[in-house]
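To keep things clear, I will list the structure first and then write my remarks on it.
The values are calculated or read from the model by the stated rules, or taken from the named source; none is laboratory data. Keep in mind that what you see is a predicted model, and the values were worked out from it rather than measured. Methodologically, a virtual Cβ is constructed for each residue, glycine included, from the backbone with ideal geometry; neighbour enumeration extends over all protein chains shown.
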Amino acid sequence: MRYLPKSPAERQEMLAAIGAKSIDELFSSIPDRYRLREALKIPGPYSEAEVIQYFKDRAAENSNGYTSFLGAGVYNHLRSVVTDAIIQRGEFLTSYTPYQAEITQGTLQAIFEFQTLMCQLTGQEVANASMYDGSTAMTEAVLMAERLTGRRRVLVARSVHPEYREVLKTYAKNSGLRVEEIPFTAIGTVDAKALQAALRDDVAAVVVQSPNFFGVIESHTPLAEATHASGALYVIAVAEGVSLGLVRPPAEADIVAMEGQSFGLPPSYGGPFAGVIASRDKFVRQMPGRLAGQTTDTEGRRGFVLTLATREQHIRREKATSNICTNQALCALAATVHLTLLGKEGLREMAQQNLSKAQFALSELLKIPGVRRTFDAPFFNEFVVDFPRSVKLIDAQLLREKIIGPFALGTPYPELTKRALVCVTETTTRAEIERFADALKRALEQPI
Amino acid sequence: MAYPKQYRYTKEHEWIDVKGNLATIGITDYAQHELGDVVFVELPKPGTKIEAGKSFGTVESVKAVSEIYAPVGGEVIEANTELQNTPEKINTDPHGAAWLIKVRLTDAANLSGLMDAAAYEAYIASKGKEASA
C-alpha cells in the first residue's frame with residue numbers, strides 16, 4: 001500500500017465516477033455543525049529537501065555517548081543489524097493485516113514461529129500473535145481470568161510495574177472489576193501472608209511479576225499453590241524477558257503476560273513494543289487477540305491460517321473476548337528474528353552477563369559511604385539501593401557527566417523515597433560501571 | 001429434517017420440550033444449518049439460573065460464535081457434557097442427542113409466546129424467502 005498525493009484532476013475524476021459534483025456535495029449528508037471549515041493546523045506543505053532537513057534536525061537532537069543505568073520496565077540490550085535488515089523488507093514492513101491467509105503465508109508463518117518461541121520461553125502451551133505491550137498483556141490476562149472464573153476480584157502484587165497496575169485500574173474503573181494490592185515484604189518479595197489473608201472464593205486472579213519491579217526474583221510455587229487452593233488463576237507478569245535465559249520458565253502460571261521489548265526492540269521513546277500472552281490449551285477460547293495456526297491445504301501441503309477468529313471483534317462485535325483486534329506484527333517479527341539469531345545458548349549467555357554485571361555493579365556501589373542495599377533477595381539485572389539523599393538530585397548531577405542515572409522509586413512508591421532502582425545489562429562495560437560508581441561517590445560527597 | 005410436533009420453537013431458533021416442570025432445550029436444524037460445522041459449545045453449569053429471552057451459552061462454528069437464548073426461565077439441572085468432545089453432533093442430530101441443557105422451570109412455563117412446529121416451519125420458510133428476495 002502506497003500513500004500518494006491526489007491531484008485536483010484526479011479528485012475530479014473520482015468525484016465524477018461517484019456522481020458527485022464537489023467534495024462539499026459528497027459530504028453533504030454530514031450535518032454542517034460537524035464539518036471542519038478551517039484548514040488543519042499542520043505545518044507545510046514542505047518540499048522533499050525541507051522534509052529531509054526537518055528529520056536531520058530532529059536526529060541531531062538525539063543524545064550520544066551516554067551510559068544508562070535506567071531500566072524500570074524498558075531495557076537496553078544488544079541488537080543485531082540482521083533484525084533491522086529483515087523487518088525492513090517490504091513484504092513485512094508494508095503489509096498490514098493478515099486476514100487473507102492464502103496471500104499472507106509469510107506473515108502468518110512468522111507469527112506462528114513467534115508464538116512457538118513464546119511457548120518455549122514461558123513453559124506454556126499456547127501463545128497469541130502479540131498484544132500492544134506488557135501492560136496491556138497483563139490487563140488482558142486478568143480479563144481472561146475474569147471470564148474463566150466468573151469472579152470479579154483481582155489481587156495484584158504492589159511489586160508489579162506501577163504503570164502496568166495503572167493500565168489495569170483504567171480498564172477496571174468502569175467494568176466493576178475490583179483490584180486490590182498485595183504489599184511487599186522487607187526483602188521486596190510478595191507478602192505471602194497478606195496474600196493468603198486476601199484470598200477468598202471471589203478472587204479471579206492473583207498477579208505477580210518476576211523479576212518484580214524491584215528486580216527481585218519471586219518464588220512462585222507457594223504463591224501459586226495458595227492461589228489455586230482458592231480456585232483463582234495465577235498470572236505471572238514478566239517485564240524483562242531476558243531473565244528467562246536463566247530463571248525457570250513461569251510454568252506455574254495459568255496465564256503469562258510478558259513484555260517482549262528486551263527481544264530486539266530498541267527502548268525508543270517507550271515504544272512500539274510487543275506484549276505476549278501465553279496460557280494453557282484448555283483456556284485458548286478465552287484468549288484475546290489473534291492466533292496463527294498451522295494446518296494443511298487441500299493438497300496436503302503445510303500452510304498457516306488465522307484461527308479461532310470467531311472470538312474476535314471484527315466478527316463477534318461487542319461480545320468478542322477482547323477489544324484488541326490487531327497485533328504488533330512487525331515488533332513480534334523483530335523478536336522472532338532476534339531470538340532465532342541468539343538461540344538458546346545465546347540467550348543464556350546474554351542473561352548470565354546481565355546477572356554478573358549487575359552483581360559487580362552492586363558490589364561497587366556498596367563501597368560508597370551511605371549507599372546500602374534495600375532488599376536482601378536474589379535479583380536479575382536490577383537492584384534497589386538506599387541513597388543518603390534525593391535520587392532525582394543525584395540523577396541531575398550524573399546527567400552532567402553523561403550518565404543516565406537510576407530510576408527514582410519515590411515517585412510511584414512514596415514509601416520508597418531516596419531508593420534508587422539500578423539497571424545493568426550486557427551492554428554496560430566494566431569501565432562504565434566503575435565510572436558510574438566514581439561519579440556517584442563524588443555526587444554524594446558534594447555539600448547539599 | 002422434521003420438526004418434532006411436541007416441541008415449541010423460538011424466533012432465535014431454539015427448541016424446547018416441556019414435560020411437567022422439566023424442560024429440555026436445544027437449537028433447531030435450521031440453526032445448525034445456518035451456522036455450519038459446529039466446533040465448540042459453551043454451556044452453563046448445573047445450578048445456574050436462566051432467564052427467558054436472555055443468553056445462556058454460545059455455539060461456535062467455523063463461521064461465527066452465536067448466543068443461545070433461553071425460551072423459558074428456570075434452573076439448569078444438567079448440561080450435555082457429551083458435546084464438549086463431540087460438538088459436531090449438533091449438526092447431525094440437533095433435535096435429539098445434541099440437546100444442550102435440561103432445566104427445572106421456575107414457575108408455570110409461559111409457552112404462549114413460542115411457536116408450534118407448523119408455525120416455526122412457516123416462519124423459517126418466510127425467512128428463506130426474505131433471504132432470496
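Just a few scattered comments:
- Selection of segment B:64-75 for residues being hydrophobic (A, V, I, L, M, F, W, C) and at the interface with chain A (Cβ under 9 Å from one of its Cβ atoms) yields B:Ala64, B:Val65.
- Test result for B:Glu14, acidic (Asp, Glu) and closer than 13 Å to B:Leu111 by Cβ: yes
- Residue within segment B:20-29 that is within 11 Å of another protein chain (Cβ to nearest Cβ), touching a residue at least 24 places away in the same chain (Cβ under 8 Å), in contact with a strand residue (DSSP E or B) (Cβ under 8 Å, 6 or more places away or on another chain) and over 12 Å from B:Leu105 (Cα atoms) present: no
- Only a single criterion out of (1) surrounded by 21 or more Cβ atoms within 10 Å (Cβ to Cβ); (2) within 21 Å of B:Asp116 (Cα to Cα) is not satisfied by B:Val65, namely (2).
- Selection of segment A:175-227 for residues being at positive phi and either of a type in the set (Ser, Thr, Tyr) or at pLDDT 95 or above (or both) yields A:Gly188, A:Gly215.
- Some residue of segment A:21-32 being in contact with a helix residue (DSSP H, G or I) (Cβ under 9 Å, 6 or more places away or on another chain) and among the hydrophobic types (A, V, I, L, M, F, W, C): yes
- Boolean, A:Glu445 is touching a residue at least 60 places away in the same chain (Cβ under 8 Å), out of contact with any helix residue (DSSP H, G or I) (no Cβ under 7 Å at 6 or more places or on another chain) and of a type in the set (Asp, Glu): no
- The residues of segment B:39-54 that are surrounded by fewer than 15 Cβ atoms within 10 Å (Cβ to Cβ), small (Gly, Ala, Ser) and closer than 18 Å to B:Arg8 by Cα amount to a single one, B:Gly53.
- Residue among A:Gly271, A:Gly289, A:Gly293, A:Gly303 that alone is touching a helix residue (DSSP H, G or I) at 6+ places or on another chain (Cβ under 8 Å), within 15 Å of A:Met131 (Cα to Cα) and not polar (S, T, N, Q): A:Gly289
- Among (1) surrounded by 14 or more Cβ atoms within 10 Å (Cβ to Cβ); (2) farther than 19 Å from A:Ala137 by Cα; (3) of a type in the set (Lys, Arg), the one test that A:Arg317 misses: (1)
- Restricted to segment B:106-124, and to residues there that are closer than 21 Å to B:Lys49 by Cα and buried (at least 18 other Cβ atoms within 10 Å of the Cβ), the residue that is modelled with the lowest pLDDT is B:Ala109.
- Looking across segment B:43-63, the residues that are more than 10 Å from chain A (Cβ to nearest Cβ) and among the basic types (Lys, Arg) come down to B:Lys49, B:Lys54.
- The set of residues in segment A:295-330 being within 14 Å of chain B (Cβ to nearest Cβ), out of contact with any Lys or Arg (no Cβ under 7 Å at 6 or more places or on another chain) and among the polar types (S, T, N, Q) consists of A:Thr295, A:Thr307, A:Gln313, A:Ser322.
- Check on A:Asp202, surrounded by 17 or more Cβ atoms within 10 Å (Cβ to Cβ), among the acidic types (Asp, Glu), within 17 Å of A:Arg147 (Cα to Cα) and assigned by TED's automatic domain parsing to the domain that holds A:His161: no
- Breaking point among (1) more than 14 Å from every other protein chain (Cβ to nearest Cβ); (2) in contact with a helix residue (DSSP H, G or I) (Cβ under 7 Å, 6 or more places away or on another chain); (3) surrounded by fewer than 18 Cβ atoms within 10 Å (Cβ to Cβ), for A:Leu333: (3)
- Listed by position, the helices (runs of 4 or more DSSP H) enclosed by segment A:1-104 that each have at least 1 residues that are surrounded by fewer than 11 Cβ atoms within 10 Å (Cβ to Cβ) and assigned by TED's automatic domain parsing to the domain that holds A:Leu291 are A:81-87, A:90-93.
- Top-ranked residue of segment B:76-88 - restricted to ones that are within 24 Å of A:Lys319 (Cβ to Cβ) and surrounded by 14 or more Cβ atoms within 10 Å (Cβ to Cβ), ranked as farthest from the other protein chains (Cβ to nearest Cβ): B:Asn80
- Selection status of A:Tyr171, within 25 Å of the chain's Cα centre (by Cα), among the aromatic types (Phe, Trp, Tyr) and not in a helix (DSSP H, G or I): no
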